[in-house]
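Encoded as structure tokens, the structure appears first; notes follow it.
Just so it is clear, none of the values below were taken in a lab; they were calculated from the coordinates. Model, not experiment: these values are computed from the prediction. Every residue, glycine among them, receives a Cβ derived from its backbone with ideal geometry; neighbour counts consider all protein chains shown.
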Amino acid sequence: MMEKLRELQQRFNKLVAELRALQGMEAPDANKVSNIETELRGLAAQIETERLILRTQEGYDGTERSGNAASPEGDGAAVNEEEHRAALLHYMRTGDTSELRAMSSGITTGGDTGGYLIPQSWADAILKKARELFIMRQICDVQVSATDKNFPVEASFGASTWLGEGAAYTESDAAFGSQKITAHKVGRIVKVSEELLEDNQYDLVSYLTEAFGYSNGLAEEIAFISGSGTDRPKGFLADAEVGVTGAEPAAIAYEELLDLYGSLRSGYDAGARWLMNKSTLIEIMKLTDAAGNYLFHPSTLPGELGTLLAKPVSLSSFMPEIAASAIPIAYGDFRYYRIQDRTGFAIQRLNELYAGSGQVGFRGYHRVDGKLLLPEAIKTLEMPASGG
């Protein structure tokens, strides 16, 4: 049974290496990439089945189940994540790459990467930190992919008609468009003093997790909301449909919120929410209906802000302020905004760049894209350029 698992893992590792080599090409063969991804999914299911069987056998401790890459010699030996983490930490503290180069999973491929992939659990921790700090990763649809993706979007549903006895059916096909999601690089350089690197008690991984999680998450949040789509994701504000245009450039009226709520097709209401910044919410908290009842209802549940017209409210500091021609409020189902992460987070130690100041730099990055797949799923309140 263990031998079969090793054989499956060896095949899996070989395909991972082939996939990474393809991804490093300027124009990878999309069909080959798709075929490899399909085979990897099938192998992963077989491997997991073998692991489940082995878990029931006495003496199996699971140490060979954590690997995901073969050694350069091609013997199929699994790379244990703990070993990967230890080798990466050794490289980060000393600059010695020998242990990482013995693990094919440690080396990134293609272009200007020049770094090493970090263990998946560490990459997950960085993205988790970004999710904890910024709202878009919490309310949008987040997926992971190894390649660019084309998503078919139904532009019209076709039409059905009433039919008399024996009447012919009317042909009416749905019309489809397409949205392509690629990948944009987001990253930074974090500097650490040589003294801290030499201190084995200093938790370097936690420090870099916080630094990359916050700064990358910050850059993502801005892009997911208002990004141009050039060298960064395209923010939802660029594609969302205007539901209401306000009457005054510096004030929001109760009726405008009602109209914005009503502008969204009812099919999207089940998953809909409001998004704005805190100063906008404060202005809305002052609004009352004709009977003097406040529109906003604070929540007593931990982790929940409250509701506006019975729909939850989320905050982002990077939604625009109330001002002329600005878009301070959005209402809709943000699950139609797709955040597409590419697999892998890479890090590189920069030995010489900051040596004069007694520091070592760590360049870390990952690739991600974002796009609103269905513009009608989110409606916005747009402020006028001047007062009426």
* Could you please state, rounded to a whole Å, how far the C-alpha centre of the stretch 279-309 is from the C-alpha centre of the stretch 206-273? => 19 Å
* To do: With θ set to phi - 60°, apply the Karplus curve 6.51 cos²θ - 1.76 cosθ + 1.60 along the stretch 223-232 and write out the HN-Hα couplings as whole Hz, x wherever there is a Gly or Pro.
  => 5, 5, 8, 9, x, 7, x, 9, 6, 6
* **Chain lengthening between Ala290 and Leu133 when straightened (0.36 nm per residue, less Cα-Cα)** => 52.8 nm
* Asked: Based on the Cβ-Cβ distance of Ala323 and Ser228, what FRET efficiency does E = 1/(1 + (r/R0)^6) give at R0 = 22 Å, to the nearest 0.05?
  -> 0.65
* To do: Starting from the amide H of Arg232, placed 1.01 Å from N in the peptide plane, find each other amide H under 5 Å away whose residue is 5 or more places distant or on another chain.
  => none
* Asked: With a 10 Å Cβ neighbour count serving as the proxy for reagent exposure, in which order, fewest first, do Lys191, Lys180, Lys379 appear?
  -> Lys180, Lys191, Lys379
